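Asks: One structure follows; several queries about it will come next.
Derivation of every value follows stated rules applied to the coordinates shown; laboratory data play no part. Remember, it's a predicted structure, so these values are computed and weren't measured experimentally. Using ideal geometry, Cβ is built from the backbone for each residue, glycine included, and neighbour counts are taken over all protein chains shown.
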Amino acid sequence: MVPIAYYLVLAAVLFSIGIGAFLIKRNVITIFISIELMLNAVNLTFVAFAHRWHQIGGQIFVFFVMVVAAAEAAVGLAIIIAIFRTRRTLNVDEIDLMNS
Amino acid sequence: MNSMPANYLWYIPLLPFVGFLINGTVGRRLPRGLVSAVALLFTAVPACLVAWLWSTMLGAGAPEVLHAATRPWIAITGFQVDFALAVDHLTLIMLAVVTGVGFLIHVYSVGYMALEEGYWRFFAYLNLFMFFMLVLVLAENFLLLFVGWEGVGLASYLLIGFYFHKQSAADAGRKAFVVNRIGDFGFLLAMFLLIVHFGSLSFSQVFGTVAAHPEWHGAAFLTAIALLLVLGAAGKSAQIPLYVWLPDAMEGPTPVSALIHAATMVTAGIYMVARTHVIFDQSPAALMVVACIGAATAIFAASIGMVQHDIKRVLAYSTVSQLGYMFLACGVAAYSAAIFHLLTHAFFKALLFLAAGSVIHALSGEQDMRKMGGLRSRTPITFWTMSAGVFAIAGIPPLAGFFSKDGILYQTFASPNPIGKLLWLIGLITAGMTSFYMFRLWFKTFFGELRLEPAHNTGQAHAHESEHDEGQAAHPHGVHESPWIMLGPLAILALLSVAGGWIGIPAALGGSNHFEHFLDPVFASAASTHGVSALNADQVSHGLELALAAISVLAALGGLYAAYVLYYRKPGSATELAMRARPLYETLENKYWVDELYQSFIVLPLLMLTRGVLELIFERGVVNGSGRASAMVTRGFAWFARKQISGNIRSYAGWLAIGAAAVLAVMTFGRSLWVHL
């Protein structure tokens, strides 16, 4: 049996990579992927704990997160396409219409 | 007729207030006829109530003082003030003057103001004035009297500044208000002293205590109260040194000058002194001050009135001078003589003002007597009625002014006051001056030739700055007699000016002085300690009274003769005389430079204090400075906060991550740190 600490370390690493990418990258799609990475890092901790404590709730929560992430991906990609069509760029630093 | 229930007293002041509410709120949308109907109705009904009240109070078995049911107003431990009304014989006289003359002037105003802007506003204010004036005379305690006192001041302010778009009118209103505040300050202090000492402001309680045990209170203390009251009365009744507002108050419409600044409001100070005579009786010093102020004001204002050119200003200084007479009478404890003169003065001075208004109306707004003349044939009714007023105020027997003024002069002469003879002499000279300036007005206005420029007669140039401008467009055809609605009140007041004095013919002249006996219940105590009847009976001789009356008639005739010579027989001689006595003439014409003196010694230093010290240091330094400092602190914080809001989403996310990490760190390691510490 794999100790739970391994799962948690992996999740932490994934989450940190997600945050780092989110903060560093300028491409909207890359930022989007880094968000997905953070979500899945959290999902990993959920299932790890659910398995460890024999609680079904954690696993159910993962499904919720996946459903929300799917919806978010659909909406997010639609927005990205719309932005790209109007502004011909995916660089977030140039998408600053509301920053006076 | 049934006697009037005491609680109906409340309707007397409240009905004009209802009229004020109606005209003041919806009057703007009502037709003029309805506005005047409302104003007249709500003045006529109280006048009828007053008549009913008279018949009640004169009926058999009527109480000396009629009290209306009261409601508590201010009630704290050990001190209570009620909404209390009471009527005694003094109040009856005041009520008759206020409602009677007030109603006549309302009627007159309907004609006089017919073409003016703000018609509804005028009548609303007039009714408001009636309300407060009636509260003033009906009040049974100092505080309610003070409410009326302040209220008439407010109405006066509003009506002086009725033509508020004219700078001089607005200034005059403000001046009246500010000068009256100085007097009110004295009144307030007097009330505070009364509260501290008596724990009550009710007339009956205060006067009862004072009269029963005068030795309990200390003469100095009562003198202090009396002098503070005198300050208040001097403000309201335009006495030295606070008289300066009244001549300027002539900026108001003429009916206002007649009602407020001649017949009623300015007599409030006299009424107040007479009402509080119990206090004054205990203080010979205060009485002396009152007498001196009165005599000084009488002669001072009369001398100014002799050389003024504006017809209303002559009457204004005349009013100040006559009020000085009333003060003088109060000062020698001849209260009933003061009230008698107040009554007759209300008749003839209201008449004179209304007639002057009719003259001004006839001349399409001209007020300068140098341009008047020859109006006798063109405005005959105005001429005859005004003549009644002029002869009455000049003291020609048997008109009203003769009896009342003579009563004052005689009582001054015969009073035990140490300088009574001197005061009498001043009063006598003033009587001569009064006669002179009134006949001067009379000759200049009604005799000789009309001296208006042709422009006035053709009615093409109405550019002159007079208060009556507003209503003149409809009278383009020169001199004209006033309409009947204005002449009616004139005629009634002329009758009263002729006959009004006959109720007070003294015994020496074959009368029985009903008036004085009528007021006996109110002033009996005063007369017995300070007045003429305090003297031995043999000192009061009818021969002396007759001789004094003859002398004052001679003074009046002398004034008449001087005016006749200077302004009728040799019209140019007045100017010559003025040229020869140039310094004196200029001093008089410039009103002794009192306004200028006040301006440079009181107003300017105050302005310098406020502008130089208070505004610079306090207003700009403390008030503005603290505001600016707090604004700067806020702006500093805002500057710092704004720097954090870059609009860059990734920097927000960075802060979010750092924050989350910090929270995580505290939750993970903080507890163990806490335990170790």
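Asks: For B:580-589, what's the mean count of beta carbons from other chains sitting within 10 Å of each residue's beta carbon?
Replies: What the average comes to for B:580-589 is 0.
Asks: Taking the Cβ of B:HIS67 as the centre, find all other residues whose Cβ is under 15 Å away and add up their charges (Lys, Arg: +1; Asp, Glu: -1).
Replies: Once all neighbours under 15 Å are counted, the net charge is -3.
Asks: Helix B:32-58 versus the longest principal axis of chain B: what angle, 0 to 90°, nearest 10, using Cα atoms?
Replies: Helix B:32-58 sits at roughly 60 degrees to that axis.
Asks: For B:TYR108, B:TYR163, B:TYR568, which order do you get if you count the other beta carbons within 10 Å of each Cβ and list the fewest first?
Replies: Ascending Cβ contact count within 10 Å gives the list B:TYR568, B:TYR163, B:TYR108.
Asks: While we're looking at this one, here's another question. When the Karplus curve 6.51 cos²θ - 1.76 cosθ + 1.60 is applied with θ = phi - 60°, which whole-Hz ³J(HN,Hα) does each residue of the stretch B:253-269 get, with x for Gly and Pro?
Replies: x, 4, x, 5, 4, 5, 6, 8, 9, 9, 8, 10, 4, 5, 8, 4, x
Asks: Among B:LYS312, B:LYS643, which comes first, second and so on when ranked by fewest other beta-carbon atoms within 10 Å?
Replies: Listed from fewest to most nearby Cβ atoms, that is B:LYS643, B:LYS312.
Asks: Could you tell me how many degrees, from 0 to 90 and to the nearest 10, lie between the Cα long axis of helix B:142-160 and the main elongation axis, the longest principal axis, of the Cα atoms of chain B?
Replies: 90 degrees
Asks: Arrange the peptides B:384-395, B:259-270 so that the one whose residues have, on average, the most other Cβ atoms within 10 Å appears first.
Replies: Sorting B:384-395, B:259-270 by mean packing, highest first, produces B:259-270, B:384-395.
Asks: Could I ask something else about it? With r as the distance between the Cβ atoms of B:SER630 and A:THR89 and R0 = 56 Å, compute the FRET efficiency 1/(1 + (r/R0)^6) and round to 0.05.
Replies: For R0 = 56 Å, the calculated efficiency reads 0.80.
Asks: Nearest 10 degrees, 0 to 90: what angle lies between the long axis of helix B:119-138 and the longest principal axis of chain B (Cα atoms)?
Replies: The helix B:119-138 is inclined about 80 degrees to chain B.
Asks: Taking each residue of A:12-22 in turn, how many C-beta atoms of other protein chains fall within 10 Å of its C-beta, and what is the average?
Replies: That average works out to 1.
Asks: Rounded, prolate or oblate: which one fits chain B, using the alpha carbon gyration tensor with axes a ≥ b ≥ c (rounded when a/c is under 1.5, else prolate when a/b beats b/c, else oblate)?
Replies: prolate
Asks: Another question about this same structure. Report the net charge of residues surrounding B:THR382, where surrounding means a beta-carbon distance below 10 angstrom and charges are Lys +1, Arg +1, Asp -1, Glu -1.
Replies: Value of the local net charge: +1.
Asks: Run the numbers on chain B and let me know its relative contact order in percent, using alpha-carbon pairs under 8 Å that are six or more apart.
Replies: Worked out over chain B, it gives 12 percent.
Asks: Shifting gears a bit: Any chance you could check the Cα centroid distance between the stretch B:404-427 and the stretch B:247-286 for me, in angstrom?
Replies: Taking the Cα centre of the stretch B:247-286 as reference, the centre of the stretch B:404-427 is 20 Å away.
Asks: Give me the percent of DSSP beta bridges within the protein assembly as shown that run antiparallel, rounded to the nearest 5.
Replies: 90 percent
Asks: Would you calculate a helix-derived [θ] at 222 nm for chain B, using -39,500 (n - 2.57) for each DSSP H run of n ≥ 4 and dividing by the full residue count, to the nearest 500?
Replies: Only helices count here, giving -21000 deg cm²/dmol.
Asks: Taking 60 Å as R0, compute the FRET efficiency from the Cβ-Cβ separation of B:ALA69 and B:GLU586 and round it to 0.05.
Replies: Plugging the Cβ-Cβ distance into 1/(1 + (r/R0)^6) gives 0.50.
Asks: Given the peptides A:23-30, B:486-493, B:328-335, B:363-370, arrange them by the average over their residues of other C-beta atoms within 10 Å, most packed first.
Replies: The packing order, highest mean first, is B:328-335, B:486-493, B:363-370, A:23-30.
Asks: Further question: Would you mind computing, in nm to one decimal, how far apart the modelled labels at B:PHE79 and B:LEU450 are, each placed 7 Å from Cα along Cα→Cβ?
Replies: Result for the modelled spin labels: 6.2 nm.
Asks: Continuing with this model, one more query. What does the charge add up to near B:ILE505, with Lys and Arg as +1, Asp and Glu as -1, over the other residues with Cβ less than 14 Å from its Cβ?
Replies: Neighbour charge sum, excluding B:ILE505 itself: -2.
Asks: Please work out whether the stretch B:563-642 counts as rounded, prolate or oblate from its C-alpha gyration tensor, where a ≥ b ≥ c are the square roots of the eigenvalues and a/c under 1.5 means rounded, while otherwise a/b larger than b/c means prolate and anything else oblate?
Replies: Verdict is prolate for the stretch B:563-642.
Asks: Ranked from highest to lowest mean number of other Cβ atoms within 10 Å per residue, what is the order of the peptides B:301-308, B:280-287?
Replies: Put in order of decreasing packing, that is B:301-308, B:280-287.
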